[in-house]
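**Q** Here it is, the structure in full.
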């Protein structure tokens with residue numbers, strides 16, 4: 001039988017990872033147009049730090065949840 005709570009937790013974790021990916025996507029143009037011969041602005045670097053950390057955590061949390069589900073199922 002399907003565990004409804006587990007499925008809802010999976011969906012929430014997936015939505016979290018997508019939300020951080022969308023935030024990362026919103027920085028795409030800013031990163032693409034950086035001058036390779038200039039220093040990156042401290043504020044932009046701080047923003048990249050926050051967004052990439054959030055994305056890494058969300059993606060790792062989702063991955064960990066999937067692995068836990070696989071392990072529980074003997075896969």
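**Q** Looking only at region 17-44, count how many residues are more than 10 Å from residue 55 (Cβ to Cβ) and touching a residue at least 24 places away in the same chain (Cβ under 8 Å).
**A** Of the residues in region 17-44, 1 are more than 10 Å from residue 55 (Cβ to Cβ) and touching a residue at least 24 places away in the same chain (Cβ under 8 Å).
**Q** So, one more: Inside region 1-45, can you point out the residues that are more than 26 Å from residue 63 (Cβ to Cβ) and either outside any loop (DSSP other than H, G, I, E, B) or under 18 Å from the mean Cα position of the chain (by Cα) (or both)?
**A** 29, 30, 32, 42, 43, 44, 45
**Q** Among 74, 64, which is closer than 29 Å to residue 3 by Cα and surrounded by fewer than 10 Cβ atoms within 10 Å (Cβ to Cβ)?
**A** 74
Every number here is computed from the coordinates shown, using simple stated rules; none is lab data. Since this is a predicted model, take the numbers as computed values, not measurements. Neighbour counts run over all protein chains shown; Cβ positions are idealised from the backbone, glycine included.
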